[in-house]
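S.K.: Here you go, one structure.
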Amino acid sequence: MRLEILRQTSIAGRPARVGDVVEIDGRDAWLLLGSGKAKQAPEPAAPVVEPVAQDPEPTQRKPRTRRTKTNGTA
């Protein structure tokens, strides 16, 4: 069961702080709910998956030509 902790407590020897959302088996969950230390947490929303944008086609570049040196030597 998915619970949101309302008061600091420990669950199976591990500390649970206020605001933590934990997944607990039924027996411990009912104990925390009954003592007012937790409430049922809403199910997490499914992550929104955006489509991957495709890269544009690469443009053809002209090959670079070698420049001649300006001092007259090749």
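S.K.: What aspartates and glutamates could a cross-link reach from residue 69, if we take a straight Cα to Cα line under 16 Å and drop same-chain neighbours fewer than 8 places away?
M.R.: The qualifying aspartates and glutamates are none; the list is empty.
S.K.: I've got another one for you. May I ask you to list the aspartates and glutamates whose Cα is less than 20 Å away from that of residue 39, ignoring any residue fewer than eight positions away on the same chain?
M.R.: Those aspartates and glutamates meeting the cut-off are 4, 20, 23, 25, 28.
S.K.: With every protein chain in place, what's the accessible area of residue 50 (1.4 Å probe, Å², nearest 10)?
M.R.: Residue 50 exposes around 140 Å² with every protein chain in place.
S.K.: Carbon and sulfur: what percent of the chain's accessible surface (1.4 Å probe)?
M.R.: After summing per-atom areas, the C and S share lands at 51 percent.
S.K.: Still on this structure, I have one more. Can you give the three extents of the C-alpha atoms in segment 1-42 along their principal axes, from longest to shortest, in whole Å?
M.R.: Computed over segment 1-42, the largest-to-smallest principal extents equal 20, 18, 17 Å.
S.K.: For residue 65 paired with residue 20, estimate the spin-label separation in nm (one decimal), with each label point 7 Å from Cα along the Cα-to-Cβ line.
M.R.: 7.2 nm
S.K.: Another question, then. So what's the Cα pair-distance distribution over the chain, bin width 5 Å, in %?
M.R.: Percent of pairs per bin, in order: 3, 12, 16, 10, 5, 5, 4, 4, 4, 4, 4, 4, 4, 5, 5, 5, 4, 2, 1.
The values are calculated or read from the model by the stated rules, or taken from the named source; none is laboratory data. On a predicted model such as this, the values are computed, not experimentally measured, just so you know. Virtual Cβ from ideal backbone geometry, glycine too; neighbours counted across all protein chains shown. Ligands, DNA and RNA are excluded from the accessible area calculation, which covers all protein heavy atoms including side chains. Shrake-Rupley method; radii C 1.70, N 1.55, O 1.52, S 1.80 Å.
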